[in-house]
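Worksheet for the structure shown next.
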Amino acid sequence: MSLMCRPQQAGVPLWGDSKPNRATSENSHFRGEIVKKLLCCLSAVGIEPVFAAVTTDGVNLINQVTVQDAGGFPYKITQPGSYRLSGNLVVPAAKPVPVGIVISASDVTLDLNGFTLSCSSTCAPENSALGIAISGKNVSISNGTITGFAGTVSGAAIDYGSGTTTASSGRVDRMILSANSIGVQDNTSGAVSVTNSSIINNKDTGVVDTLGPLVVSSSVLAGNPVGINGQGAPSGLILNNLITASSAFGLIVSPGGPAYGLNTFQGNGQNTDGGVSMSNNVCGSSTC
């Protein structure tokens, strides 16, 4: 059957001059051909159909086009559910604070799907810049890269709390966070865990916790002036990480705060300060 677009003639079905066979397989084939022909004809007259950005399994898809269709940045997630990037996102310049994604709902999973959320080189001319700002509880971010969120004052790739008093909480897993002011920032009393991630070459700190319990495990923190600053964390666990090339501190936590074990500290200005050592870490050429 030809898919050439041509005006429909009176009395002639859309699928051609004869109706399809009633057999199920043939009907399915003809239905597909009809849809293709409809799309072709719509396009020929300048009508581009818009499809819902939701997969068959109910995952909400996000890309630069869907963000613009929703009103631009920041893209707002206000309902619980699963969300997935289907393309890279680039946040343009904005005043006073450019933000990529705002998550105010609880029980949200955001899969970056291997894509990158970035802030253009001029997107934060003043103040802060935030890649993902979270005020909901049980919010998980995974599987992608966030880079460039470094305002002249501060900035963070992922910010739990975002200046609110809500006990936002969640998990960061399998992420690459680089060239931001801060990789992960926890500003509320909710628990946050960071696992299986690379947090590298940020301008200030890899992970900052000012209030809530903190877990950082199986991650690489390299080239950040401070690897982990958990001075505000009342409890937590820092386990099985490589923390290296921090010009100030590899790990700084409050006395009696989070415990740390099985970590490797190399080439830091000072490897550790505070916390409770399990005495099975490697600090240079000795245990600590």
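The values are calculated or read from the model by the stated rules, or taken from the named source; none is laboratory data. Not measured: the values here are computed from a predicted model. Quick reminder, even Gly has a Cβ in these numbers, built from the backbone with ideal geometry, and neighbours come from all protein chains shown.
Yes or no, residue by residue, for (1) polar (S, T, N, Q); (2) touching a strand residue (DSSP E or B) at 6+ places or on another chain (Cβ under 7 Å); (3) not assigned by TED's automatic domain parsing to the domain that holds residue 84:
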{"residue": "139", "(1), (2), (3)": "no, yes, no"}
{"residue": "144", "(1), (2), (3)": "no, yes, no"}
{"residue": "147", "(1), (2), (3)": "yes, yes, no"}
{"residue": "152", "(1), (2), (3)": "yes, no, no"}
{"residue": "155", "(1), (2), (3)": "no, yes, no"}
{"residue": "169", "(1), (2), (3)": "yes, yes, no"}
{"residue": "174", "(1), (2), (3)": "no, yes, no"}
{"residue": "188", "(1), (2), (3)": "yes, yes, no"}
{"residue": "193", "(1), (2), (3)": "yes, yes, no"}
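Return yes or no: is residue 146 assigned to a strand (DSSP E or B), at pLDDT 95 or above, more than 18 Å from the chain's Cα centre (by Cα) and surrounded by 23 or more Cβ atoms within 10 Å (Cβ to Cβ)? For residue 146, the condition - assigned to a strand (DSSP E or B), at pLDDT 95 or above, more than 18 Å from the chain's Cα centre (by Cα) and surrounded by 23 or more Cβ atoms within 10 Å (Cβ to Cβ) - is not met.
Selection of the range 84-117 for residues being surrounded by 17 or more Cβ atoms within 10 Å (Cβ to Cβ), in a strand (DSSP E or B) and under 10 Å from the mean Cα position of the chain (by Cα) yields 84, 85, 100, 101, 109, 110, 111, 117. The lone criterion from (1) assigned to a strand (DSSP E or B); (2) farther than 17 Å from residue 150 by Cβ; (3) of a type in the set (Gly, Ala, Ser) left unmet by residue 189 is number (1).
A single member of 194, 172, 184, 215 is surrounded by fewer than 24 Cβ atoms within 10 Å (Cβ to Cβ), at pLDDT 95 or above and part of a strand (DSSP E or B), and it is 215.
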